[in-house]
Every structure is written in structure tokens, then in C-alpha cells.
Amino acid sequence: MAICRVESCNLGKMENLSNSDENYDLGYQPSPSFVDQNDQSIPETPGYSTLSGESFVYGRTCSETSAFSDPIDDHGCCSEASPSHWPPTRSMAQNQAVLSRLRTKQRGSNEDEKQLDYLESLELELEMMKERFAKLLLGEDMSGSGKGVCTAVTISNAITNLYATVFGQNLRLEPLNPEKKALWKREMDCLLSVCDYIVEFTSKSQNLSNGTALEVMKSRPRSDIYVNLPALRKLDAMLIEILDSFEDREFWYAEDGSVSSNSSRTGSFRRVVKRNDEKWWVPVPCVPPCGLSEKARKHLRHKRDCANQIHKAAMAINSSVLAEMEIPDSYVASLPKSGRASIGESIYRFMLGTEKFCPDYLLDCLSIASEHEALELADSVEASMYTWRRKACIKHSKPSWGMVKELMSDVDLSDKNHILAERAESLLFALKQRYPELSQTSLDTCKIQHNRDVGQAILESYSRVLEGLAFNIVAWIEDVFFVDRAVTSQE
């Protein structure tokens, strides 16, 4: 029995020591009276420890005493230890240490999540780069049989498809979605990086240390890319800036004849403002009942003028690039034998029968009713123009366009075919100016499809999509002005 008492006493002391160590780890320490009571109660309860760690006040309350414990009165050791016996300085320091460790772990987990998200985004970009590189090498022919298009057409299609992805659903005067804006910048930087390696070599004199003059070849960006690409980048940034300027606006948009449910404005003007076009998918702008303020109108006019200038600049670059592209042999073979039969008898007589040709007056007399009619006229006038140029320049059959350009300087300016070709060119230019939304002509489409020059393909597609975006912005601003005029006239 004595041996049992000694063992139980040692066991109780060891448990008390382990409990005190656990309490120190938690930042708490039992009072001395608590330890003394444990020592005195050891002989009275042989066979097991009088107090486990669970009976301490921090672990559970008195009402939660284990069924294996004897009932203890209010004055027993289960009562809460006096705070005056706790070492406050040491416990506060330990608490702060524990909290700092928790904060460090939490901060580390947040950094791990950010790092994981960053790695996932890099992986997605890498997969997109692999896909783009594969399409570029395969020429968009996924069978791998070598029947794909050339590199120039692949890059041109990539820029066109990217524009449709980013701006295809953006039919309003509002800032571009940040994700789409980042996608546009990232993808265009990747596609335009090809131009960094399109160079031309020029001779440059270099003087050696002994005074000898040498002529060396030095590479520089190709002249058309050096001039046009920075201008297109600037136009791109200006268009994005115009869209960003409409973050705070006085007008809003309604679809299906009603204002969006999250809008605080009341009433829709779709019933009273009807546009005479077939673009039913374009959302209708709405303005307040009293119309736009003068400040908003001034802002809209300024942005419309800017977009107009951007549209003209992009259109000029696109026209110059298309003019430098070689005319495919397939188009030359399809030209009519007579330009007179291509444009019609009435237009031919008007172009030939006057000393001073006025293309605008001719267009007024034609009374073009639709875009389809304008496009048909543009195709016929363009075909007649090249037919007359061929007849004015050469006498042998099926020449290349390069030979035609070389012989143009030697043509007799009084030749009838030369006069008709010049007037047809002025008529085509006036037609495109009057109908800026006109689709590409048959010759332009044929040039793009058969083009093999990568630099020209990039410049043409980039200027074309910017031209379309600028035209859309002007049209959206005109829609807002149309609604504003209709509302104010009703007032």
C-alpha cells in the first residue's frame, strides 16, 4: 500500500507539472494555492490524479466537470484562480508572441495564394502563346498537311479576331472592361513584336582611327513600318482614352425598350426616339427628361471630333498600305475587257462628256439608296479604272502590276484611257469619303488574301480595326445627340 501511495503521489506531481507546462504554453499559470491544494489532496484519492488538465478553469467551466471527478464545492480548487497571482508581464508577452505567429502564418498563406494565382496566370498565358505559335506555324491548318494560309494572312486574321473578341460586344460609350483592355494590350504587343525584326539595310560611311573611310551596311526598321506603326499605336491609345472618358456620363442605355433594373433613372425614350436603321442589336441611349447639360454636349462634341480625325488618319494609312500591295494575277485575269461595259453607259458618258469632272455631282445624280448599291458601284468603278490603266500603259496582254506602275510615268496625259482612269479614281475616292462605313471592295479583299508581306499585313489589319472602332465611336456619339435633340424638341 505504501508503494502504491508513493507511485500515485509521483504520478500526481508529474501530471501537475505537465499541466503547468501546458498552461505556460497557453499563456496562463495556475496560482500557488492551486498547487498546494493538489499536493494535499493526493493522499486522499489514491489510484488516480485529483485534477486533470480538463478541470482547470481555462479548459472548461465548473458545470462541465467530468463524470470521473468528485463534486467540488465553490471554495474548492475548481474556482477560478485569482488574476493577482498571474504574472501579467510574462503572459502578455506570450500572448503577443502567439498572435504574431498567427499573423505570420496568415500573411504567409495570403502570399502563397497570390503566388499560386500568379503562377496560374503565367501558365494560362504560356498555353495561349503555345496555341498562337502553333497556329502561326500551321497556317491555321490543324490537320498539319501544309494546306494552311501563309504567315501574313495568319497574323492578319489574328488581329481581326482579337478585335472582334475585345470590342465585338462593346456597343456603348463606356470604358472598356479592365480584363479585355489588358487582353488587347498584351495580345497586340505580342503580334506587333514581329515588326521589330522586319528591317532593311542601308549604307553608312564609317571612319576608322587611321582616317580611312569605309562604307558599311546598317539595319534599320523598314520605312513603312517606321512611319506608320508608331502612328497607329498612338491612335490606338487615343481611342482607348476616348472610351475611358465616358466613365461618368449623364446618359445611359436601355435595351428592349426599358431601363436597366439597377438604374435609378425613370423612363425610357425608345418609344419616342426611333432610328431609321436596321441595327436593332445596338442599345438605345437615353437622356434625362430635360436633355443633356451643355457641359456634357461640349464633351461629346469634342470626343466626336477627335474620333473623326482618328478615323481619317487610320483610313489614310489603310489606303496607302493597300495601294502598295501588289494586285494578284487572279484579279487581273478577271478584269473586264471594256471599262465602259463595267460601269454602265450613263456613267461612262458623264465621265467622258465633260471637261471638268465633278464626282460629287455624279454621286448626287445616282441617288444611291443602300450600302450594297454603293459597294457594287465601287467594285465596278475600281475594275474600270484598272482596265483603262492597262490599256493606257501597255499593249501586250496580262502584265504584272509592277510593270503597270513603271509605265505610268511614260503615259500620254491626253490619252482617253488615262483621262478615264484618273476620273474613275477620283470617283472612287469620293464614294469612299461619302460612305466611310463601306465594306472592303473586291480588290481589297483579294489583295489581303493573296498578300505575302508580313509587315504590310500587320499595318493593314491594325489600321483597319482602328478605323472601324473610330467609326463606331462617332456613330455612338451621333446616337446620343439624336436622342438628345428628340427629347429637347419635345420639351
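A quick yes/no check of all residues on (1) modelled with pLDDT of 90 or more; (2) more than 26 Å from residue 121 (Cα to Cα):
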{"site": "204", "(1), (2)": "no, yes"}
{"site": "217", "(1), (2)": "no, yes"}
{"site": "223", "(1), (2)": "yes, yes"}
{"site": "237", "(1), (2)": "yes, no"}
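Suppose we keep only residues that are within 29 Å of the chain's Cα centre (by Cα), modelled with pLDDT under 90 and not small (Gly, Ala, Ser) within the range 417-448. Which one would you say is farthest from residue 460 (Cα to Cα)?
435
In the range 112-131, which residues are over 19 Å from residue 187 (Cα atoms) and among the charged types (D, E, K, R)?
Correct list: 112, 113, 114, 117.
Among (1) aliphatic (A, V, I, L, M); (2) open to solvent by 40 Å² or more (accessible area, probe 1.4 Å); (3) in a helix (DSSP H, G or I), where does residue 315 come up short?
Going through the list (1) aliphatic (A, V, I, L, M); (2) open to solvent by 40 Å² or more (accessible area, probe 1.4 Å); (3) in a helix (DSSP H, G or I), residue 315 breaks only (2).
Which one of 259, 284, 273 is over 26 Å from residue 309 (Cβ atoms), surrounded by 14 or more Cβ atoms within 10 Å (Cβ to Cβ) and modelled with pLDDT of 85 or more? Spell out the reasoning first.
Values: 259 fails: modelled with pLDDT of 85 or more; 273 fails: modelled with pLDDT of 85 or more.
Unique residue meeting the criteria: 284.
Would you please list the contacts, defined by Cβ atoms under 6 Å and residues six or more apart or on different chains, that run from a residue in the range 333-346 that is farther than 9 Å from residue 383 by Cα to a residue that is of a type in the set (Ser, Thr, Tyr)?
340/348
Counting just the residues of the range 117-139 that are within 14 Å of residue 152 (Cα to Cα) and among the aliphatic types (A, V, I, L, M), which one comes out nearest to the chain's Cα centre (by Cα)?
It comes out as 136.
Please specify each residue of the range 439-470 satisfying the condition of being assigned to a loop (DSSP other than H, G, I, E, B) and open to solvent by less than 30 Å² (accessible area, probe 1.4 Å). Outline the logic, then answer.
Of the residues in the range 439-470, the ones assigned to a loop (DSSP other than H, G, I, E, B) are 439-441, 451-453.
Passing the criteria: 441, 451.
Residues in the range 123-142: is at least one assigned to a loop (DSSP other than H, G, I, E, B) and either open to solvent by 90 Å² or more (accessible area, probe 1.4 Å) or in contact with a Phe, Trp or Tyr (Cβ under 8 Å, 6 or more places away or on another chain) (or both)? Outline the logic, then answer.
Let us first name the residues in the range 123-142 that are assigned to a loop (DSSP other than H, G, I, E, B), namely 139-142.
Right, trim to either open to solvent by 90 Å² or more (accessible area, probe 1.4 Å) or in contact with a Phe, Trp or Tyr (Cβ under 8 Å, 6 or more places away or on another chain) (or both) and you get 142.
Scanning the range 123-142 turns up at least one residue that is assigned to a loop (DSSP other than H, G, I, E, B) and either open to solvent by 90 Å² or more (accessible area, probe 1.4 Å) or in contact with a Phe, Trp or Tyr (Cβ under 8 Å, 6 or more places away or on another chain) (or both).
Go through the range 433-463 and count every residue that is among the basic types (Lys, Arg) and within 21 Å of residue 221 (Cβ to Cβ).
So the first thing to find is which residues in the range 433-463 are among the basic types (Lys, Arg), and the list is 434, 447, 452.
Add one more test, that the residue is within 21 Å of residue 221 (Cβ to Cβ), and what stays is 452.
Summing the residues that are among the basic types (Lys, Arg) and within 21 Å of residue 221 (Cβ to Cβ) in the range 433-463 gives 1.
Whether any residue in the range 377-398 is surrounded by fewer than 16 Cβ atoms within 10 Å (Cβ to Cβ), closer than 20 Å to residue 327 by Cα, at pLDDT below 90 and in contact with a helix residue (DSSP H, G or I) (Cβ under 8 Å, 6 or more places away or on another chain) is what I want to check.
For the range 377-398, residues surrounded by fewer than 16 Cβ atoms within 10 Å (Cβ to Cβ), closer than 20 Å to residue 327 by Cα, at pLDDT below 90 and in contact with a helix residue (DSSP H, G or I) (Cβ under 8 Å, 6 or more places away or on another chain): present.
Condition check ((1) in contact with a Leu (Cβ under 7 Å, 6 or more places away or on another chain); (2) without any contact (Cβ under 8 Å) to a residue 60 or more places away in the chain; (3) open to solvent by 40 Å² or more (accessible area, probe 1.4 Å); (4) of a type outside the set (A, V, I, L, M)) across all residues:
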{"residue": "186", "(1), (2), (3), (4)": "no, no, yes, yes"}
{"residue": "200", "(1), (2), (3), (4)": "no, yes, yes, yes"}
{"residue": "209", "(1), (2), (3), (4)": "no, yes, yes, yes"}
{"residue": "215", "(1), (2), (3), (4)": "no, yes, yes, yes"}
{"residue": "227", "(1), (2), (3), (4)": "no, yes, yes, no"}
{"residue": "230", "(1), (2), (3), (4)": "no, yes, yes, yes"}
{"residue": "237", "(1), (2), (3), (4)": "no, yes, yes, no"}
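The values are calculated or read from the model by the stated rules, or taken from the named source; none is laboratory data. None of the values given here were measured: they were computed from a predicted structure. Positions of Cβ are backbone-derived with ideal geometry, glycine not excepted, and every protein chain shown enters the neighbour counts. To get the accessible areas, we keep the full protein, side chains included, count just its heavy atoms, and leave off ligands, DNA and RNA. Shrake-Rupley method; radii C 1.70, N 1.55, O 1.52, S 1.80 Å.
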